[in-house]
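First the structure, in the form of structure tokens, and then the observations on it.
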Amino acid sequence: MSTLRTSIIFGGTGYIGGRLASRLRQGELFDRIVLADLKPPTAALEPGIEFVHCDVRQPIATQIGDAQADWIFNFAAVHREPGHAYNEYFDTNIPGARHVSAYAERIGCQNLLFASSISVYGKKARPTDEATPTYPDSAYGISKLCAELIHEAWQQRESGRRLIIVRPGVVYGPGDPGNILRMIHALQKGTFLLPGDGQVFKSYAYIFGLIDSMEFMLSRREPYVCYNYVERETESLQGLTRQVRSVLSIKRPPLRVPESLLVAAAHAIQLLTRGRSAVHPVRVRKAAQSTHIVPAELIRMGFEFRYDFVRSLRHWIGIAPADFGLNDSQQAHPRRTENS
């Protein structure tokens, strides 16, 4: 892929956007990268990366990126579940899609990548690939599917436009205090409770593998592609806990508890902590639900998956041991040489 001039990443100071910006600069794909977001970056920006304040809930001014962009990336979203009122997902994710699409149209940008979610599929017990019908059953999933349709309408209005939609599983990796790291810390403390028999499938997306897939799609030429991203192979929840214990040398196995008891306990904890605890009934129910996502499009295209779950853990420990309460001399495995 030849070097281009400018890219604009809406939601660029978020977890995915910031790491994508760094990778794009390392690969010298763009001379200039503009991070457009409500929140300023928390660390110094690399040369060639700059920040512009932007609220995608409002029409976007044309001065972003000097009204020129070879690619637009839209990661701006309200996404934590739980964590927001029902209406907040719709008040941000749908207007954001409209305003980013309108901005791309106004400045004549022909290339757009949108980060959606596997939440658009809703609850599915069976393996789910891109051909599976979408039945979102949460405010987040519904708003993301609406946003997909808005971006698709933009792509179809004029020939020559390219649209990439990625539907990642739950993203994890260095610096992200999400589901995977909460599970790891609970296993380390011996407090992780396995809902039911632990045989539900859980699909997750390692941040560096996800960015690999975006780079792969940028190098292709399809005018439209919508693809899932999760690591291969999908593991059961019990299998994930077993692999974490193996990598980190944790001897104590998790205690199995019926889902109904865990949900009841989560309700009690929320009452006792006045809603401040991370132990939430919604998270407990989600942990007990199967998310067996299949990245069929990437498999068909011959994409190289560099990370299964164990390899992602080893890579993560190698570059951010403090996330696991380790220092460099305590790493469970030697530092890996994969590009990050």
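Screening Glu235, Glu304 for residues that are under 22 Å from the mean Cα position of the chain (by Cα) and at pLDDT below 95 leaves exactly one candidate, Glu235. Screening Val166, Val200 for residues that are modelled with pLDDT under 95 and in contact with a strand residue (DSSP E or B) (Cβ under 9 Å, 6 or more places away or on another chain) leaves exactly one candidate, Val200. Every listed requirement among (1) under 21 Å from Val166 (Cα atoms); (2) surrounded by 14 or more Cβ atoms within 10 Å (Cβ to Cβ) is met by Gly27 save one, (2). I want to confirm something. Restricting to region 246-265 and keeping residues that are modelled with pLDDT of 95 or more and farther than 10 Å from Phe192 by Cβ, which single residue is farthest from the chain's Cα centre (by Cα)? Restricting to residues being modelled with pLDDT of 95 or more and farther than 10 Å from Phe192 by Cβ, the top hit is Ser249. Just one of the numbered conditions (1) out of contact with any Phe, Trp or Tyr (no Cβ under 7 Å at 6 or more places or on another chain); (2) surrounded by fewer than 16 Cβ atoms within 10 Å (Cβ to Cβ); (3) touching a residue at least 40 places away in the same chain (Cβ under 8 Å) is not true of Gly108: (3).
Considering only residues that are in a loop (DSSP other than H, G, I, E, B), among the hydrophobic types (A, V, I, L, M, F, W, C) and under 20 Å from the mean Cα position of the chain (by Cα), look in region 44-93 and name the one that is surrounded by the most Cβ atoms within 10 Å (Cβ to Cβ). Checked region 44-93; the qualifying residue surrounded by the most Cβ atoms within 10 Å (Cβ to Cβ) is Ala76. Residue check: Glu215 meets all listed conditions (1) of a type outside the set (A, V, I, L, M); (2) surrounded by fewer than 17 Cβ atoms within 10 Å (Cβ to Cβ); (3) in contact (Cβ under 8 Å) with a residue 40 or more places away in the chain; (4) not in a helix (DSSP H, G or I) but one, namely (4). For region 233-262, the candidate set comprises residues that are assigned to a loop (DSSP other than H, G, I, E, B) and in contact with a Leu (Cβ under 9 Å, 6 or more places away or on another chain); within that set, the residue that is surrounded by the fewest Cβ atoms within 10 Å (Cβ to Cβ) is Arg252. Residues that are of a type in the set (Lys, Arg) and within 21 Å of Asn93 (Cβ to Cβ) within region 20-42 comprise just one, Lys39.
Taking the residues in region 142-186 that are of a type in the set (D, E, K, R) and assigned to a helix (DSSP H, G or I) as candidates, determine which candidate is farthest from the chain's Cα centre (by Cα).
Step one: filter region 142-186 for residues of a type in the set (D, E, K, R), giving 144, 148, 152, 157-158, 161-162, 167, 176, 182.
Now drop any that are not assigned to a helix (DSSP H, G or I), which leaves 144, 148, 152, 182.
Numbers: Lys144: 13, Glu148: 16, Glu152: 20, Arg182: 16 Å.
Per the stated criteria, the residue is Glu152.
The values are calculated or read from the model by the stated rules, or taken from the named source; none is laboratory data. What you see is a predicted model; the values in this text were computed from it and never measured. Cβ: placed from backbone, ideal geometry, glycine included. Neighbour counts: every protein chain shown.
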